[in-house]
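> Shown below is the structure under consideration.
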Amino acid sequence: MAGVEDYVVTNPITIAADMDVYQAAHIILSNQISGVAVVDDEQKLIGMLSELDCLRAMVTSVYNGADPGGALAKDIMTLEVETNNL
């Protein structure tokens, strides 16, 4: 029987916290994944950014008359990420 460890991504795609939404969304879409790990300069996990986070940021920006890709990953990512070393 398969366990959780059989489905965990052990080498996730990562982006920098200062990457803009356009770039992040392109990475997510081109890799056909639902989100990416956001890491600091030391490659430490600091958040997660989903395709839904990107879409919300773009729609909110358009609604408010701002650049739809102007938000940065660090401003819209999920900060409270639970991790567990397997």
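Rule-based calculations on the coordinates, nothing more; no lab input. Predicted model only: the values in this text are computed from it and were never measured. Heads up, the Cβs are rebuilt from the backbone with ideal geometry, glycines too, and the neighbour counts pull from every protein chain shown.
> Relative to the first principal axis of the alpha-carbon coordinates of the chain, what is the inclination of helix 51-63, with its axis defined by its Cα atoms, in degrees from 0 to 90 and to the nearest 10?
With rounding to tens, the tilt is 10 degrees.
> Toward the positive end of the charge dipole of the chain, about the Cα centre and with charges on Cβ (Lys, Arg +1; Asp, Glu -1), which of SER34, VAL59, PRO12 goes farthest?
Highest projection toward the positive end goes to VAL59.
> Run the simple label-point estimate for GLN43 and ASN64 please: 7 Å along Cα→C-beta, distance reported in nm.
Inter-label distance under the simple model: 3.5 nm.
> So how many Å³ per residue does the convex hull of the Cα atoms of the chain work out to?
Spread over its residues, the Cα hull of the chain gives 102 Å³ apiece.
> Using Cα pairs under 8 angstrom and six or more residues apart, how large is the relative contact order of the chain, in percent?
31
> Efficiency by 1/(1 + (r/R0)^6): what FRET value for VAL8 and LYS74, r their Cβ-Cβ distance, R0 = 25 Å, to the nearest 0.05?
0.50
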